Each structure stands twice: as structure tokens, then as C-alpha cells.
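The values are calculated or read from the model by the stated rules, or taken from the named source; none is laboratory data. Values in this document were obtained by computation on a predicted structure and should not be read as measured data. No Cβ is skipped: glycine too gets one built from the backbone with ideal geometry, and neighbour counts run over all protein chains shown. Ligands, DNA and RNA are excluded from the accessible area calculation, which covers all protein heavy atoms including side chains. Shrake-Rupley method; radii C 1.70, N 1.55, O 1.52, S 1.80 Å.
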Amino acid sequence: APDFMPAPHRARPGDAVLVSGLLGQHGMAVMSVREGLAFQAELESDTANLHPLVAALRDAVGDAVRTLRDPTRGGMASALNEVAGVAGVGILLDEAALPLSGPVRAACEMLGFDPLYVANEGLLVALVAEARAEEALKALRAHPLGTHAARIGEVVEDHPGLVAMRTGIGGTRGVDMLPGDQLPRI
């Protein structure tokens, strides 16, 4: 669609923050091999071609997709901080909504990593106009790469340029840019 032009500066308060799958799979797969950790369920990298997911979003909701990002180096936190900074908006994430596999959650806890900063390879984050957010989520989930797609937050007017997260215990914490890489380069 000629009107499909996602860009960071297009993010608007009220937009939904959608992620196409499980967070941290790639980075923690690499770290578990490096650290010699054995998990009952294999940690596998999520390396994937994202074009089919982008096409699914474009075909389903078109220009309602305001921003698309690939949260690779620096993870989800860095990708969203970049958008918040460029668009001059705040982003509020919901910790309980973050899609994490059991092994990634366990590996992060064991090694002291925050999954928001772990590298992803086969994942995209989309900021979508609220009116079309459910439709966009359905389009992602209909594709094999998007079966774990989730709504993880929203764009807000508060704290422009910053990302925050509602924690599981009801508080809010800042989600800053990562000063350097949490994980060594791969």
C-alpha cells in the first residue's frame, strides 16, 4: 500500500505497542550456550525473516501501523527508547503482558539479565493506532512467526521521550537505554 510508511516520528499517544513474539529468545540462547547452561526445554534462537509479518500487518491494517522496529541490539528497551525520543512521546509497558518463555525467564533470572535488554532476531515491535490494534494483533497471530504476538503497552503523553513499565507489584520503573551492550556482541 502506498500509504504504508511506518516511521518513529509517527508514534502518537494512544497507540498500542505490539510485539510479534517471545522476547529474548536469541540473546538467551546464545548466552546459555556460552555459559554452559542446560535447560529442560531447549532455548532456540528466533532468527527469522520478518517480511511476512510486515506484509501481514500492511495487508490487515495498512497505515494504522505508525512505527515498526526490529529490537535487535539493545533489545526492546533500546528500540522503544529510540521511538519515544524521536516522536517526543512516552511509552508505558505492562510487565505482566511481556511474552516470555519459561526458559528465557529462568535464564534471565539465573544470569541477572532484564529481558527488555536482551537481543532478539526474529521479532518486530509495531506501534499501531488503537482503533486497529486488535485487528493488527490478529494478523500477527495468524502467521506462524507471530503465534505469541502480544500487546505489551501503549504510547502516552506523560514522560515524553521516556519509556516506563508498570511492574507486577503495582509500581512503575524507568526503562532506560542500555549503556553499552548487556550481552557481548555475537
Can you spot a residue in the range 114-127 that is over 29 Å from Phe4 (Cβ atoms) and in a helix (DSSP H, G or I)?
yes
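Taking the residues in the range 4-39 that are among the small types (Gly, Ala, Ser), surrounded by fewer than 16 Cβ atoms within 10 Å (Cβ to Cβ) and in contact with a strand residue (DSSP E or B) (Cβ under 8 Å, 6 or more places away or on another chain) as candidates, determine which candidate is modelled with the highest pLDDT.
Pass one, the range 4-39, residues among the small types (Gly, Ala, Ser): 7, 11, 14, 16, 20-21, 24, 27, 29, 32, 36, 38.
If we keep only those that are surrounded by fewer than 16 Cβ atoms within 10 Å (Cβ to Cβ) too, we end up with 7, 14, 36, 38.
Still in the running and in contact with a strand residue (DSSP E or B) (Cβ under 8 Å, 6 or more places away or on another chain): 7, 14.
On the way: Ala7: 95, Gly14: 98.
Result: Gly14.
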Screening Ala1, Ala60, Ala48 for residues that are modelled with pLDDT of 85 or more, of a type in the set (A, V, I, L, M, F, W, C) and open to solvent by 20 Å² or more (accessible area, probe 1.4 Å) leaves only Ala60
At pLDDT below 95, among the charged types (D, E, K, R), over 16 Å from the mean Cα position of the chain (by Cα) and more than 22 Å from Asp176 (Cα to Cα) - does that describe any residue in the range 104-112?
no
Residues being farther than 14 Å from His148 by Cβ, of a type in the set (D, E, K, R) and either in a helix (DSSP H, G or I) or open to solvent by less than 20 Å² (accessible area, probe 1.4 Å) (or both): count how many of those fall in the range 72-108.
2
Return the residues of the range 47-66 that are in a helix (DSSP H, G or I), of a type outside the set (Asp, Glu) and in contact (Cβ under 8 Å) with a residue 40 or more places away in the chain; say none if nothing qualifies.
Pro52, Leu53, Val54, Ala56, Leu57, Arg58, Ala60, Val61, Gly62, Ala64
